[in-house]
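The next block holds one structure in the form of structure tokens; read it before the comments.
The values are calculated or read from the model by the stated rules, or taken from the named source; none is laboratory data. Only a predicted model underlies this, so the values are computations on that prediction, with no experimental measurement involved. Positions of Cβ are generated from backbone atoms using ideal geometry, with glycine treated the same way; all protein chains shown enter the neighbour counts. Keep in mind that these areas ignore ligands, DNA and RNA; they rest on the heavy atoms of the full protein, side chains included. Shrake-Rupley method; radii C 1.70, N 1.55, O 1.52, S 1.80 Å.
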Amino acid sequence: MSRPGFTVALIGCDGAGKTTVARALERDSGLPVRYLYMGVSSDSSNRQLPTTRLAHVAKRRRGAEPDTGGPLATAPSSPPGGPLRRARRSVRSALRLLNRAAEEWYRQLLALAYLRRGHIVVFDRHFTADYHASDVSGASRTLSRRAHGLMLTRLYPQPDLVILLDAPPEVLHARKGEGTIASLGRRRDEYLALGATLPRFAVVSATQPLEDVIGQVAAIVRQHGAAA
């Protein structure tokens, strides 16, 4: 019987190198790693429900920008409207929530299948981390965000180990040019605040040479596996 595996979530702002490091662990570390993207970007997802892919195609056809990061900390406000318009918005919000939850559980079931085969499942991003500020701890949350946050904190399995690839927002912005220095700084603070509440959390500086970052992350994973 194979040894039970465990899960590792690599989190960090855009430009921190999560995907590069996670793929390197799967390819070169010598560990039984399986890669699984756990974020909202359709372009980055390696496994995805057909309903989610169709929804993203529809959004792109309407001119929406690609989803490349986590959700916004606050939901965009909707213009006022009559009862019919509000009812339609409520229905759309409920459908989005149902599809999002289905997507999240689908990927968790994939992770469970890998774990049963003895793999170390390395998550590129994680829904709980990305939605924590907006749907779990946000001050002004809609009903759907509260429901989603409750599901993530009370029902959804959490990673066995979380590793933050950390870098100053100026460095991250210079690498990818996405977002603003202020928004990257807020997201970085959110990840650090979340890490303070987790039992197994490590921070690796993403300003080092890539080989050093990969080596440090692999060492932390091996150490966790030995302790487990």
Problem set entry | Per principal axis, descending, Cα span of segment 136-228 in whole Å | 44, 39, 18
Exercise. Could you give the length gained on full extension between T153 and V203, defined as 0.36 nm per residue of separation minus the Cα-Cα distance, in nm?
Worked result: 15.8 nm
For this session: Could you work out how far the C-alpha centroid of segment 197-211 sits from that of segment 112-170, in angstrom?
Result: 17 Å
For this session: Taking only protein heavy atoms into account and a 1.4 Å probe, give the accessible area per residue of segment 148-211 in Å².
Result: 53 Å²
Exercise. To the nearest 20 debye, what is the magnitude of the charge dipole of the chain about its Cα centre, counting +1 on the Cβ of each Lys and Arg and -1 on the Cβ of each Asp and Glu?
Worked result: 1220 debye
Exercise. What are the semi-axes of the equivalent ellipsoid of the chain, taken as the square roots of 5 times the eigenvalues of the Cα gyration tensor, listed largest first and rounded to whole Å?
Worked result: 31, 21, 16
Exercise. For segment 92-165, what are the per-bin percents of Cα-Cα distances with bins 5 Å wide, up to the bin holding the maximum?
Worked result: 3, 14, 25, 24, 17, 10, 5, 2, 0
Problem set entry | Length gained when the stretch L98-A58 is fully extended (0.36 nm per residue, less Cα-Cα span) | 12.7 nm
Exercise. Residue separation times 0.36 nm, minus the C-alpha to C-alpha distance between R23 and T180: what's the value?
Worked result: 53.9 nm
For this session: Using a 1.4 Å probe over the heavy atoms of the protein chains, calculate the carbon and sulfur portion of the accessible area of the chain as a whole percent.
Result: 57 percent
Exercise. Arranged from highest to lowest average of other beta-carbon atoms within 10 Å per residue, in what order do the peptides 129-135, 200-206, 179-185 appear?
Worked result: 129-135, 200-206, 179-185
For this session: Divide the volume of the convex hull of the Cα atoms of segment 134-179 by its number of residues and quote the answer in cubic angstrom per residue.
Result: 124 Å³
Exercise. With the dipole of the chain worked out from charges on the C-beta (+1 for Lys and Arg, -1 for Asp and Glu) around the Cα centre, which of L172, S29, S41 lies farthest toward the positive end?
Worked result: S41
Exercise. What's the local net charge at H224, with K and R +1, D and E -1, over the other residues with C-beta under 11 Å away?
Worked result: +1
